[in-house]
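The values are calculated or read from the model by the stated rules, or taken from the named source; none is laboratory data. Everything numeric in this text was worked out from a predicted model, so none of it was measured. Every residue, glycine among them, receives a Cβ derived from its backbone with ideal geometry; neighbour counts consider all protein chains shown.
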Amino acid sequence: MQVGFVQFNPTFGDKTANVKRIMNLVARVNADLLVLPELFNTGYLFLSASELEELAEEIPAGATTRTLKRLAEEREVYLVAGIAERADGKFYNSAVLVSPSGDVNVYRKAHLFDEEKRWFTPGDTPFEVYDIGLAKIGIMVCFDWFFPEVTRILSLKGAEIICHPANLVLPYCQNAMITRCLENHVFAITCNRTGIEERDINSRLRFTGRSQIVSPEGGVLTQSGEIGEAVRVVTIEPSIAQNKSVTTHNDLFDDRRTDLFGDLLKSPIVLPATLSSGQMELERKSREIADA
Ligand code: ACM
């Protein structure tokens, strides 16, 4: 299977130019699956709700999704692309999966990063796995990587490839994804954007590029540069991600001590409780000293 990414530097607010640039870049590529960056058509740094309202689109009715459908059909490629979505008066930082036959699925980013929380509603879609014939794929968007549960759930549901549109600004993700892939034995395609978005004197972000494809063994199969456009495609065998064995005696999924993992779904009340029981102990001791 041929999988890849299209890294580029979108211009904020210029959807026509951004979509056109992607059309041109994808027109030169042969691949079965391509991942584009988060919010690829709009840019990232919204300064007001009205800006988002103006740029967000319905899925699948909006112009960007319709163009992606045409592109997917023409190029016979599955596309995963980040789009600002408008739905029922709310706005989501979403990713679409568009198939060559015109099917559209949507994932809404669950973990919003920083100022995104001012404009977007946290995603309400489950972490879904899609069987696209050549592979089973899962989708997460950018900061979702910081929550290992997302990759884990997608992997437990059978994802062989994690498609990961991103607009990364912190320096950690590219290295961390190596561990995400290793601990789940899955492929991941992280498609980041590049460039600097400077909307006003207080709103400036530099995106870190270095889009990459990582193998289930944690190998970086390809990584682009920190700046500039890059289209990379590699050949992979997705089914190797189904093998979760680490040694003859270890299986990543079978070995999980789910009997000990119950606390995972609890709020972090353990630490304050421990501290306060420590404090209680201190108080008891000081009472003992005072009584003596
Ligand atoms: C991010 O989630 N765009 C950092």
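Kindly check whether there is at least one residue in the stretch 210-226 that is within 16 Å of the ligand (Cβ to nearest atom), surrounded by 23 or more Cβ atoms within 10 Å (Cβ to Cβ) and either under 13 Å from the mean Cα position of the chain (by Cα) or basic (Lys, Arg) (or both).
Keep residues of the stretch 210-226 that are within 16 Å of the ligand (Cβ to nearest atom), which gives 210-212, 226.
If we keep only those that are surrounded by 23 or more Cβ atoms within 10 Å (Cβ to Cβ) too, we end up with 211-212.
Right, trim to either under 13 Å from the mean Cα position of the chain (by Cα) or basic (Lys, Arg) (or both) and you get 211-212.
Yes, the stretch 210-226 contains at least one residue that is within 16 Å of the ligand (Cβ to nearest atom), surrounded by 23 or more Cβ atoms within 10 Å (Cβ to Cβ) and either under 13 Å from the mean Cα position of the chain (by Cα) or basic (Lys, Arg) (or both).
Please verify whether residue 147 is of a type outside the set (Val, Ile, Thr), within 16 Å of the ligand (Cβ to nearest atom), over 21 Å from residue 83 (Cβ atoms) and in contact with a His (Cβ under 7 Å, 6 or more places away or on another chain), treating the condition exactly as stated.
Here the answer is yes, as residue 147 does meet what is asked.
Looking at the stretch 102-110, is at least one residue assigned to a loop (DSSP other than H, G, I, E, B) and within 16 Å of the ligand (Cβ to nearest atom)?
There is at least one residue in the stretch 102-110 that is assigned to a loop (DSSP other than H, G, I, E, B) and within 16 Å of the ligand (Cβ to nearest atom).
Which numbered condition in (1) surrounded by 24 or more Cβ atoms within 10 Å (Cβ to Cβ); (2) touching a Gly at 6+ places or on another chain (Cβ under 6 Å); (3) not β-branched (Val, Ile, Thr) is the only one that residue 107 fails?
With (1) surrounded by 24 or more Cβ atoms within 10 Å (Cβ to Cβ); (2) touching a Gly at 6+ places or on another chain (Cβ under 6 Å); (3) not β-branched (Val, Ile, Thr) applied to residue 107, the lone miss is (2).
List every residue pair whose Cβ atoms lie under 8 Å apart, where the two residues are 6 or more positions apart in sequence or sit on different chains, the first residue falls within the stretch 212-231 and is within 13 Å of residue 182 (Cα to Cα), and the second residue, located anywhere, is crowded, with 16+ Cβ neighbours inside 10 Å and among the small types (Gly, Ala, Ser).
That search, which allows pairs on different chains as well, returns 213/4; 213/188; 214/188; 216/241.
For the stretch 146-167, name all the residues that are within 20 Å of residue 79 (Cβ to Cβ) and hydrophobic (A, V, I, L, M, F, W, C). Before the answer, list the steps.
Of the stretch 146-167, the ones within 20 Å of residue 79 (Cβ to Cβ) are 154, 159-167.
Correct list: 154, 159, 161, 162, 163, 166.
Residue by residue, here is whether (1) without any contact (Cβ under 8 Å) to a residue 60 or more places away in the chain; (2) in a loop (DSSP other than H, G, I, E, B) holds:
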residue	(1), (2)
5	no, no
19	yes, no
22	yes, no
31	no, yes
54	yes, no
60	yes, yes
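Counting only residues that are within 22 Å of residue 5 (Cα to Cα) and in contact with a helix residue (DSSP H, G or I) (Cβ under 9 Å, 6 or more places away or on another chain), which one in the stretch 86-101 is nearest to the ligand (Cβ to nearest atom)?
Ranking the candidates gives 93 first.
Quick check, is residue 33 at pLDDT 95 or above, within 15 Å of the ligand (Cβ to nearest atom) and not charged (D, E, K, R)?
no
Applying the selection to the stretch 210-256, what residues are of a type outside the set (Val, Ile, Thr), in a loop (DSSP other than H, G, I, E, B) and either within 20 Å of residue 26 (Cβ to Cβ) or in contact with a Lys or Arg (Cβ under 8 Å, 6 or more places away or on another chain) (or both)?
Those that are of a type outside the set (Val, Ile, Thr), in a loop (DSSP other than H, G, I, E, B) and either within 20 Å of residue 26 (Cβ to Cβ) or in contact with a Lys or Arg (Cβ under 8 Å, 6 or more places away or on another chain) (or both): 211, 224, 225, 226, 228, 229, 252, 253, 254.
All but one of (1) in a loop (DSSP other than H, G, I, E, B); (2) crowded, with 20+ Cβ neighbours inside 10 Å hold for residue 170, so report the exception by its number.
The single condition residue 170 does not satisfy is (2).
Kindly indicate the residue of the stretch 119-139 that is within 15 Å of the ligand (Cβ to nearest atom) and in contact (Cβ under 8 Å) with a residue 40 or more places away in the chain and also surrounded by the fewest Cβ atoms within 10 Å (Cβ to Cβ) among those meeting that condition.
That would be 119.
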